[in-house]
Structure formats: C-alpha cells, structure tokens
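Right, one structure below, let's go through it.
The values are calculated or read from the model by the stated rules, or taken from the named source; none is laboratory data. Because the structure is a prediction, the values reported are computed rather than measured. Don't worry about glycine lacking a Cβ; one is built from the backbone with ideal geometry, like all the others, and counts go over all protein chains shown.
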Amino acid sequence: MKILLITPPLLQPNTPYPATPLLTAWLRSQGHDAVQADLSLELLLKLFSAAGVGELCRALEASAATEEAAGFLEAEAAYRETVDQVLLFLQGRSPQAAEKLCRRGALPEGPYLARAYEQDERFGWNFRGIDSADRARHLASLYLDDLAGAAKLLDPQFGFSRYAESLAAALPGFGKIREVLEQPHSLFFQWLETLTDESVARHHPDAVVLTVPFPGCLLGALAIARRIKQTRPDIQILLGGGYVNTELRGLSDPAVFDYVDFITLDSGMLPLARLVEKADSSKWVRTFARKEGVVRFFDCMEKPVEHNDLPPPIYAGLPLDRYFGLFEVLNPVTRLWSDGRWNKLVLAHGCCWGRCAFCDTSIDSICRYDPATPAVICDWMETMIAESGFNGFHFVDEALPHALLDVLCDEILRRGLSVEWWGNIRFEQRFSGRLIRKMAAAGCIAVTGGLETCCDRTLKLMRKGITVKNAVDVIRRFADSGILTHAYLMYGFPTQTLEETFRALETIRDLVDSGALHSAYWHRFALTAHSEVARHPDRFSIHLPDLPPPEFARNEIPFESAFDHDLAAVGESLCTATYNYLHGVGLELPVSHWWSKN
C-alpha cells in the first residue's frame, strides 16, 4: 500500500510542519511506501506568483468586492511584475535583489507597506537600524501581506497562515463546515482541488493521511478529502493531528465520515500502521470509524511507540528551496516563528510538568511524558542537518525539560555540533546561571515561556509551579547570557483582579526597560474542555452553563465569572502598552496611563 501524507492549508510557509516528516520516516522504517506533500505551501506559491495575481484580479473583478479592491486592481501590473522576484528573494534564491527592494518605489504600496513607511518616517526609527538585507525582507513581507489582504477581500475566510480558523474553532456540530464545503467553490478551493489532483496523479496513493494541527487547517483538509472522494473514491482517507486530538475526542456526528474514512487520536504511529496494514478492527488503535451509520471508537490499548525508538524526521519529497520566510514585525524573537529555516524536532513527548490548571493536562500529548536520550536526539539532529543543509532547530516541545537540556547540551558540545536552536521552557528556578551559560555555548539563541498572569496568587491557583520573583531572575539570567526571551502572558484568568493586572504590566514594563525581556504577548484566558479548571469549576469560582453535548468538536467552553473590570478593554490596553514598550515608547509612564486611552 502506498501512503501519501499531506499538510493542508494554511500554515506558516517558512519551514515544513513536523508531522508529515516524522510520520513518513516512521512508516518507511516499518517497511511501508510513504511519501509526503505540503499543499499549504503549494497553495501560497500559487497565490504569490504572476499567474496567481492575475487570476486573483479576474476573480475580484467578477465579485462583489470590486469597489473595495479598486486600488489593488489598479496596481495589478506592478504586482505581477514584482511578485516572482519577491518570492525568489524571500526563498533565499535571489539575495542580490535586496538593494533594489530596499528602495521606496520598487514595490507597489498597499495598506501594510504604506503604513510601515509612514510610521517609520513619523517616529524616525529608520526601521530600527536593520541592515539592507533585513530591511528588504521586512518590506517584501509587508508587500505579501498586502497581497494576502486582497485575497481576503475575495474570500473572508483566507488568512496568511490559517483558513477559516474562526469557523473551525467552535463546531459543536458538523453542519456549518459541511455547508461551507458544499458551497460554490472560491478561487482558493479551485486551486486546492487542482493541487490535490496533481498530487494524487503524481504519487498514485492507496491511502491519504491528512494532518490537522490547528483549527485553521480543518477546512483545507476536508476540502482535499472531498476532492479525493469525488475523483478517487477507492483511496482511503485518514485524519489526525493536534486539532483532532484536542477537539474531536467526543465525536459522535457521523457526517464527517462522508469525507474521511478514519479519524485517529494522539500519537499517530500505531493507529496509521494498523490501518494501512489492513488489520482487523480488533487491532485498531485509538481510531474512530463509521459502522452501520454510527460512530464507533476502536482501541486495542496497545502501548504507544516510545519516543526514543523513533527515526529522525525526513524531508524527502518536500521542496525545501521553495519555503519562504516572513519578517513582518521588527522584533528579533517574534521573527523566529515566521522567518528562517528551522528543522522542527521534539525532544520529549508530552510535558515534563503537566500540572498547569489551564492546560489540557488530561490528554496524551500533555500527560504522557516520554523523553528521548541525548545521544538519539543528536543523531536525529545530525541526520536532519545532512538532509536539509540547515543547522537551525526549533525544539517544539510543550516545555523543554531542564534536566534533559543539561545533558543534551553536554552531548552537543562533546560532538562539536555547530547549531542554533530555540524552544519553549518553564521559567523555573532550576534554570541556573551555569545551565543557561551551557545552553548558550551549545547554540541556544532564544527561549519562550509562560509568565501567564505574572501574579503569585493566581500562579499558585493555576499550579504553574513558579513565582514572579524566581521567573524574573531566570529571565534576567537568559538575557545576561545573550539569549533572547519571550513571555506568554494571560489576562482574564478566573478571580484575577484589575489591581493584579496592573502589577503584572508593571513587571513586564520593568523587564523590557532593563533589556531582560525582548518580546511578550497577552492572551485572553480560554477555558478548555480537558483542563483542570473545566473539571473543577467551583475551585476557580466559575460557573459552567448547561449545554447539550457536542456531536463534533469540543474544546473552548463558555463560562461565567465575576470580574472587577471590562476584559475586552483591559486586553486592548495591555496589548497597546506592551507594543509600545517593545518599541521603547512610554516606559516612563505609569501603567494607569494606558487604561485612560480606552
């Protein structure tokens, strides 16, 4: 049996998403004929081309959005003349174009690009002093944002790294997404169907595996599945990934099986293997299927494959030279997510802490902690460097364990590996100065971590396992060692007060002002179905309304709680203040200044 693993649209286009490289490698190690394709990348390459711009313009002219798109349509010739050159530059295949792209007038100016020039002139930032190559990357990225904005006029569901995310984020039933799937198809659906046909014709698979890591990939995955069912109903279609693992655990609506044959949960190795081996259903692992019109769940309770036994991910079949990075925000940490070519790697399955009350601690991807050994990890790294030609790594663990990092750095240094890497950690006291200096010597360039509410009372309530003082000390140690830092922050956690939020913002201001914190982002608390807060609402002084059980997706849960402030207004103020702090503006002002703006 030949298996085609597909990454559906839309995801960041700077580097391959790690699911299909890992699953392809594992299936091949088990003797299966597995290949992979990235239709998320291919769809964006279709849009960001001279031919794609032309098709987009013709579709806009025929749509109800013609008036809104007038400025873009007038600049069609300029976009068609420049878009291929911009892509080649962002792909690293035409570095000599930097000097030209830096000059104002080289590119047509839509809203994003024009606003960047205007803001830079108003504040006299000179684009933060970045060199010509980075300035060209920044301007070229904003140019693509303008193209993506025009695409959104045609299809409001379109987003640069997501598609129909808001639709997929709250689907108690399958009806809404079926309705969108069965509507007359937009230009992007037509392109996706063409790409699907081409991929199937190229590989002649017997089975197609679709990974859905995020809500913004669900509609694209199902559109691919729909096309395959129309043209090649003999092909088996399997669906899995992070979104599925989190949101479809209570699946009972059989309608989704009009598009796919099987839906698998959690670590995908054994579920895929049993299905492609055509094993009897008594041997299926964590698999949903429709039998006699109803959804049934099959699980023979076979132990998952140990993380240490996995082969290194492989990139065979993925066009590594065609991925392109985006440098939209002039922040060195934020840039890491969207720019540069990173080999994505998981050091340990699950979370080394696994106790945070707001996290989905009851599901396998969090609660089953299973690390690889430093020797195996370094073997993976060496193999991936040799195949990709890139020595940068993004370790995509839930939280990089300090004890594993300690010995991994020893192994990296012992082997003399020249690498750069970054990943998510916990700002816990066990990241000593000695360990952090070793991490820097072994190639660590940045860390991200959760400060969450940045308040000791609520951190203790949510069982975060850190204090503000200790976390601040750790952040300063990283900065002192030349490692960039980013903090995830949370507002609207149950019982959090306005005064506590004020103090949290003061801490962030002081960290930024001292140069210890280089990036930060505030998220509004969301109650998720598999969290401790959802399991024990009384402990957190919230009330859950009575709702019918969902038949399709269930993750974020509405709740009622008393707050002494307007969460929407406070969230806007927090984001505004932090944005200004990161640009060196308003650091001398009291934090109350930002509330007066709303």
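Summary of values
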quantity: Flag for PHE324 being crowded, with 18+ Cβ neighbours inside 10 Å, of a type in the set (Phe, Trp, Tyr) and in a loop (DSSP other than H, G, I, E, B); calculated: yes
quantity: Test: residue in region 241-256 that is more than 24 Å from PRO548 (Cβ to Cβ) and either in contact (Cβ under 8 Å) with a residue 40 or more places away in the chain or not assigned by TED's automatic domain parsing to the domain that holds TYR17 (or both); calculated: yes
quantity: Selection within region 1-46 - buried (at least 20 other Cβ atoms within 10 Å of the Cβ), assigned to a loop (DSSP other than H, G, I, E, B) and of a type in the set (A, V, I, L, M, F, W, C); calculated: LEU10, LEU11
quantity: Test result for LEU275, touching a residue at least 60 places away in the same chain (Cβ under 8 Å), aliphatic (A, V, I, L, M) and assigned to a loop (DSSP other than H, G, I, E, B); calculated: no
quantity: Per-region count, region 302-314, residues outside any helix (DSSP H, G or I) and buried (at least 19 other Cβ atoms within 10 Å of the Cβ); calculated: 4
quantity: Criterion: within 20 Å of the chain's Cα centre (by Cα), not assigned by TED's automatic domain parsing to the domain that holds LEU192 and not polar (S, T, N, Q) - qualifying residue of ALA140, ALA106, ALA148, ALA136; calculated: ALA148
quantity: Selection from region 562-575 of residues that are without any contact (Cβ under 8 Å) to a residue 40 or more places away in the chain and either of a type in the set (Asp, Glu) or more than 11 Å from LEU505 (Cα to Cα) (or both); calculated: ALA562, ASP566, ALA568, ALA569, GLU572
quantity: Total residues in region 508-527, condition buried (at least 20 other Cβ atoms within 10 Å of the Cβ) and among the polar types (S, T, N, Q); calculated: 1
quantity: Hits in region 47-67 (condition: surrounded by fewer than 20 Cβ atoms within 10 Å (Cβ to Cβ), under 23 Å from SER338 (Cα atoms) and touching a residue at least 40 places away in the same chain (Cβ under 8 Å)); calculated: none
quantity: Output for region 329-340, where each listed residue is surrounded by fewer than 20 Cβ atoms within 10 Å (Cβ to Cβ) and either charged (D, E, K, R) or more than 17 Å from GLN91 (Cβ to Cβ) (or both); calculated: VAL329, LEU330, ASN331, PRO332, THR334, TRP337
quantity: Qualifying residues in region 375-385 (those that are surrounded by fewer than 20 Cβ atoms within 10 Å (Cβ to Cβ) and either of a type in the set (S, T, N, Q) or farther than 18 Å from TYR323 by Cα (or both)) - the one farthest from the chain's Cα centre (by Cα); calculated: ALA375
quantity: Matching residues in region 448-465 - criterion: being assigned to a strand (DSSP E or B) and under 16 Å from GLU398 (Cβ atoms); calculated: THR448, GLY449, GLY450, GLU452
quantity: Boolean, PRO172 is under 20 Å from the mean Cα position of the chain (by Cα) and part of a loop (DSSP other than H, G, I, E, B); calculated: no
quantity: Check on GLU572, charged (D, E, K, R), surrounded by 15 or more Cβ atoms within 10 Å (Cβ to Cβ) and more than 30 Å from VAL260 (Cα to Cα); calculated: yes
quantity: Residue in region 496-511 that is modelled with pLDDT of 95 or more and among the aromatic types (Phe, Trp, Tyr) present; calculated: no
quantity: Members of region 410-441 found to be surrounded by 18 or more Cβ atoms within 10 Å (Cβ to Cβ) and either over 20 Å from ARG476 (Cβ atoms) or free of Cβ contacts under 8 Å to residues at least 12 places away in the same chain (or both), listed by number; calculated: GLU411, ILE412, VAL419, TRP421
quantity: Failed condition for GLU328, given (1) under 30 Å from LEU139 (Cβ atoms); (2) free of Cβ contacts under 8 Å to residues at least 60 places away in the same chain; (3) not aliphatic (A, V, I, L, M); calculated: (2)
quantity: Residue pairs meeting the criteria (Cβ under 6 Å; at least 6 apart or on separate chains; first assigned by TED's automatic domain parsing to the domain that holds THR246 and free of Cβ contacts under 8 Å to residues at least 12 places away in the same chain, in region 347-376; second surrounded by 16 or more Cβ atoms within 10 Å (Cβ to Cβ) and hydroxyl-bearing (Ser, Thr, Tyr)); calculated: none
quantity: Residue pairs meeting the criteria (Cβ under 6 Å; at least 6 apart or on separate chains; first free of Cβ contacts under 8 Å to residues at least 60 places away in the same chain and over 13 Å from ALA372 (Cβ atoms), in region 385-404; second of a type in the set (Phe, Trp, Tyr) and not in a loop (DSSP other than H, G, I, E, B)); calculated: PHE393/TRP421
